[in-house]
Amino acid sequence: MTRKRLAAALLAALTVLSACQRETGPDPLQLTGKMFVFNYRLAFATYMITLTKTEQVPDGSTVVATFEDPSGGPPLTLDRRLFPKLEKVVLESPDVTCVKKLKPYAVTIEVKGPDGTILQTLKTSVISNLDQDIMPAEALVVGPAYDKNPDVFKNGKAPAHFQTAKCPV
């Protein structure tokens, strides 16, 4: 008889403990992709992070991403509203410079409710398989029509050698 009572007490305790594990439910976003995007035409790079919604979030929720600055400056931040009907979330950082091949760069993503409470925190790192010095030093095109940059293409002709981006650090 005492074994049955002990088993029942243990089962009740496990049920209570499992109910206390997470009051807020499953995480609302799942990381599905991360990379650096090098735009050689405009001579800049950005972080690109993709997320998929796994749970609904309250209307008015936001996602705040903090990206390590590869050039050594203060972290770059991005604040975006989450829309209830969009299942995918794409975060693109402000332009970055000095990306080094195979170096991990930290990224933190916080999902915040409408009242500012943190619903989820994701920490990851992004690694490039290229150095940014493969990029041109100046944008190859300018303006909305992507005209050739006159500072690069003198008299409309391509230079014999393109200058590449240099990192001051």
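The values are calculated or read from the model by the stated rules, or taken from the named source; none is laboratory data. Note that this is a predicted model, so its numbers are computed, not measured. Ideal geometry is used to build each Cβ from the backbone, glycine not excepted, and the neighbour counts take in all protein chains shown. The protein model used for the area step is the full one, side chains on, heavy atoms only, and it has no ligands, DNA or RNA in it. Shrake-Rupley method; radii C 1.70, N 1.55, O 1.52, S 1.80 Å.
Restricting Asn155, Asn129 to residues that are polar (S, T, N, Q) and over 29 Å from Thr66 (Cβ atoms) narrows the list to Asn155. Here Val90 meets each of (1) outside any loop (DSSP other than H, G, I, E, B); (2) open to solvent by less than 20 Å² (accessible area, probe 1.4 Å) with one exception, condition (2). Restricting to the range 69-87, give me the number of residues that are open to solvent by 80 Å² or more (accessible area, probe 1.4 Å) and either charged (D, E, K, R) or assigned to a strand (DSSP E or B) (or both). Total satisfying the criteria: 6.
Against the test of being out of contact with any Leu (no Cβ under 6 Å at 6 or more places or on another chain) and either within 20 Å of Ser128 (Cβ to Cβ) or not charged (D, E, K, R) (or both), the options Phe44, Phe67 yield a single qualifying residue, Phe44. Restricting the range 94-124 to residues that are touching a residue at least 40 places away in the same chain (Cβ under 8 Å) and of a type in the set (Ser, Thr, Tyr), the residue that is farthest from Pro84 (Cα to Cα) is Thr97.
Yes/no per residue for (1) touching a strand residue (DSSP E or B) at 6+ places or on another chain (Cβ under 9 Å); (2) not in a strand (DSSP E or B):
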residue: Val99; (1), (2): yes, yes
residue: Asp115; (1), (2): no, yes
residue: Gln120; (1), (2): yes, no
residue: Thr124; (1), (2): yes, no
residue: Glu138; (1), (2): no, yes
residue: Pro144; (1), (2): no, yes
residue: Val152; (1), (2): yes, yes
residue: Pro159; (1), (2): no, yes
